[in-house]
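A.B. asks: Pasting a structure here, questions to come.
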Amino acid sequence: MNPVTANRRHFEDLAIGEVIALGRTPMSKEMITSFAREFDPFPFHLDEAAAKASLLGGLASSGWQTAALSLRMLGDAFLNTIASMGGLGFSDLKWKKPVMVGDTISGTATIAELRRSKSHPERGIVTLDLDIRNQRGEPVMSMRLANLVEVRDSAALDRAEKEMLTRAAFRTMTR
């Protein structure tokens, strides 16, 4: 077993439907413009007058900043508490509403899927659905992401899975 992750939750400890609260992050003008200067230098992220005249109606966070802050909250609340082996990617990213100066984002991550890796049975894959909202409870972003997580005891898990399949097959046969 990996001594770094020995005391963390492993694949076997996770459950589909588990909801993780992600905490809160307030958005300041400085946070928005600093990120935009370096990574997303559009006028509606940098200049208040230009932002006010844009379809956003005011200085707004980059969607990529919202995603990065959401990942930070996910790391703090969940990924750094499990035996995470790294991310596999994301899908279905949707920016639903701009995050404006003074907004506070928070949200949840829900375990949507759990499966063992076919090629590496000592690894599991957890799929999370993120729902990020502003302080008014309005959805601002959603995405699905997949992460590798260590299996604590792959041999024991194999036995449990076989036993579960055998019981399910027996129940089907006796109906």
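A.B. asks: Give the stretch 47-85 a look and list any residue that's among the charged types (D, E, K, R) and either under 14 Å from the mean Cα position of the chain (by Cα) or within 19 Å of LEU130 (Cα to Cα) (or both), or say none.
C.D. replies: Correct list: ARG72, ASP76.
A.B. asks: Can you tell me which condition ALA160 does not meet? The list is (1) surrounded by 14 or more Cβ atoms within 10 Å (Cβ to Cβ); (2) at pLDDT below 95, and all the others hold.
C.D. replies: (1)
A.B. asks: Could you please find all residues in the stretch 21-68 being in a strand (DSSP E or B), exposed (fewer than 14 other Cβ atoms within 10 Å of the Cβ) and small (Gly, Ala, Ser)?
C.D. replies: ALA21, GLY23
A.B. asks: From the residues in the stretch 74-105 that are over 30 Å from LEU46 (Cβ atoms) and of a type in the set (Ser, Thr, Tyr), which one is surrounded by the fewest Cβ atoms within 10 Å (Cβ to Cβ)?
C.D. replies: The extreme case among them is THR81.
A.B. asks: Assuming ALA169 fulfils every condition listed in (1) loosely packed, with under 12 Cβ neighbours inside 10 Å; (2) modelled with pLDDT of 90 or more apart from one, which condition is it?
C.D. replies: Only one criterion is unmet by ALA169, namely (2).
A.B. asks: Condition test on VAL149, is it at pLDDT 95 or above and over 30 Å from PRO98 (Cβ atoms)?
C.D. replies: Yes.
A.B. asks: Give ARG152, ARG133 a once-over and let me know the one that is charged (D, E, K, R), out of contact with any strand residue (DSSP E or B) (no Cβ under 8 Å at 6 or more places or on another chain) and either surrounded by 18 or more Cβ atoms within 10 Å (Cβ to Cβ) or farther than 17 Å from ARG9 by Cβ (or both). Let's see the steps before the verdict.
C.D. replies: Values: ARG133 fails: out of contact with any strand residue (DSSP E or B) (no Cβ under 8 Å at 6 or more places or on another chain).
So the residue among ARG152, ARG133 that is charged (D, E, K, R), out of contact with any strand residue (DSSP E or B) (no Cβ under 8 Å at 6 or more places or on another chain) and either surrounded by 18 or more Cβ atoms within 10 Å (Cβ to Cβ) or farther than 17 Å from ARG9 by Cβ (or both) is ARG152.
A.B. asks: To continue, here is another question. Do any residues in the stretch 112-124 that are under 13 Å from VAL149 (Cβ atoms) and modelled with pLDDT of 90 or more have Cβ atoms under 9 Å from those of residues that are exposed (fewer than 13 other Cβ atoms within 10 Å of the Cβ) and of a type in the set (Gly, Ala, Ser), where the two are at least six apart or on different chains, and which pairs are they?
C.D. replies: Cβ pairs passing all conditions: LEU114/ALA15.
A.B. asks: Then there is this: Give the number of residues within the stretch 5-19 that are surrounded by fewer than 15 Cβ atoms within 10 Å (Cβ to Cβ) and among the β-branched types (Val, Ile, Thr).
C.D. replies: 2
The values are calculated or read from the model by the stated rules, or taken from the named source; none is laboratory data. Keep in mind it's a predicted model, so treat the numbers as computed, not measured. Please note: Cβ atoms are built from the backbone with ideal geometry, for glycine as well, and neighbour counts cover all protein chains shown.
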